Every structure is written in structure tokens, then in C-alpha cells.
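The values are calculated or read from the model by the stated rules, or taken from the named source; none is laboratory data. Only a predicted model underlies this, so the values are computations on that prediction, with no experimental measurement involved. Note that we place each Cβ from the backbone using ideal geometry, even for glycine, and neighbour counts take in every protein chain shown. All accessible areas refer to the heavy atoms of the entire protein, side chains included, with ligands and DNA or RNA removed. Shrake-Rupley method; radii C 1.70, N 1.55, O 1.52, S 1.80 Å.
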Amino acid sequence: MEYRIDDLAHAAGTTTRNVRAYRERGLLPPPEKRGRVGIYDDSHLARLRLIDILLQRGFTTSHIGDFITGWENGKDLAEVLGLQTAVTAQWSKEETAEVPLAVVDEFLGGTGQLARLQALGLARVEGDTCVFTDPELVEGFASLSEYGFTIGQLIDVHERIHAAVDGIAKDMIGAAKSHIVDQHGDGWLPGDEEVAGATDMLVRMRELAVHSVNATLARALDENLQRELGDYLTTAVQNRSDPGTRP
């Protein structure tokens, strides 16, 4: 994907000023020049996300510059960028939907529910606008509210799902980290012969995690639905055959 500097900054959750500063300090490769316009790509986005991760851990831009230089020195740049992307790429959807805040408050039934969505990372407020980060999920809430569910009830369900899936993600990432530490020790960085292998391992681990969650959830829904439906039908048949048991 291609980005102009404003689009790149927005996608990375930073500012154009920071993007320019990182370029000047050598942390970010220069863009491709097309006339007077600089065009960035996904490798630049991955680099910005890597920089952000390290900044959040308390590293200075000087430390990050030394780290990146040392990492790339003597290695195939394409492989380095591949590993960088595997670590920082977001598998969650990037689509958003903007809705006037007044409409959102009416739909959610008060600002308390919006605060819950914000805490879950599903919404953010920008001035008089609410930006939904997962429009498909919100549309699902709206469709189920037509059957009498309240938004609060649906958020309750999502909070429990979020907590469970977050635990699964921690387990999967923890397994990958433990595997690396067991094999190489703390502080390991892949050498020339190992970058491609490390990239492939991380990508496969992420694919396995997504598949495991999807497949397990689908099977669990089938099993629970059949059991609950069976119990419901059994009770309904008993009530019909014995009218005296009806409430």
C-alpha cells in the first residue's frame, strides 16, 4: 500500500512532524520521490510501529537509531524488513466509520456505553465525531438490538470475549517468546542465516493462533447451540404433553 506523509502518520498513529524527525535522524528510510511528492509504503509503516514500540519501552531515539543500524548492518535488508513487518503488522482490520457524536449517544443510550467501547479500543472521540474502529461489530450490535438486546448486554458479552481472546493471544505470544529464549537466550537478535526463519516462525504462529480461535469457537458454538436447543425442545415437548406443568 502507498501513503503520502499525512496518510502514513495517520496510519501509524503519529504526526507528520514525527515522521520528518525520524527521517532526519536516519530512523526512517527516505520515501520514493514522484515529482515533488514523497511516497511511502508498508515497510515505512512497519518501521514507525517498531519505533513506537521501542519508545513506549523507554528507549531514546538515539538508542533506537543504534539498534536499527546494528540490526541492518551486514544483513539482507529485505529479510530485515520482513521480520520487522512480521513483528509489527496489525492483523486486525483497519477500516473505520465516523458517526456524529449526537447520533452515537442516542444509539448507545448514554455516554457510559461509549466509554466502555473506548476502553475496549472499539471507538474514539474526535471533536463532535465518534470513530468506530470495528464498524462490522457495531453493525452487529445494531442488528441484535432489533431483537430486544440492549447495547449494554451486547458489550457485556464482547467484554467477556475480549478477555478470553486476550488470554489466548498472551499464551501464543508467550509460547513463541519462550521458544526463542530457550533456543537462543535473552536479548537474541537473528543473524544473517536466521532472519528469514524467525520471520516465517512468527507469521506461522500468528496464522495458527487465528485459525485455532476461529475453528475452536465455531465448534464450541455448534456444540453449545445443539445442546441448548435440545434442552429447550425437550422442555417444550414435555410442557405440551403435560399442560399442567406450564407456567
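The number of residues in region 99-117 being surrounded by fewer than 15 Cβ atoms within 10 Å (Cβ to Cβ), more than 26 Å from Ala163 (Cα to Cα) and within 25 Å of the chain's Cα centre (by Cα) comes to 1. Hey, does region 191-206 have a residue that's assigned to a helix (DSSP H, G or I), modelled with pLDDT of 80 or more and surrounded by fewer than 12 Cβ atoms within 10 Å (Cβ to Cβ)? Scanning region 191-206 turns up no residue that is assigned to a helix (DSSP H, G or I), modelled with pLDDT of 80 or more and surrounded by fewer than 12 Cβ atoms within 10 Å (Cβ to Cβ).
Considered as a group, the residues in region 118-151 that are open to solvent by less than 40 Å² (accessible area, probe 1.4 Å) and either among the aromatic types (Phe, Trp, Tyr) or under 15 Å from the mean Cα position of the chain (by Cα) (or both) include one that is farthest from Gly13 (Cα to Cα), and that residue is Phe141.
For region 24-44, what are the residues that are open to solvent by 90 Å² or more (accessible area, probe 1.4 Å) and not in a strand (DSSP E or B)? Selection gives Glu24, Arg25, Pro30, Arg36.
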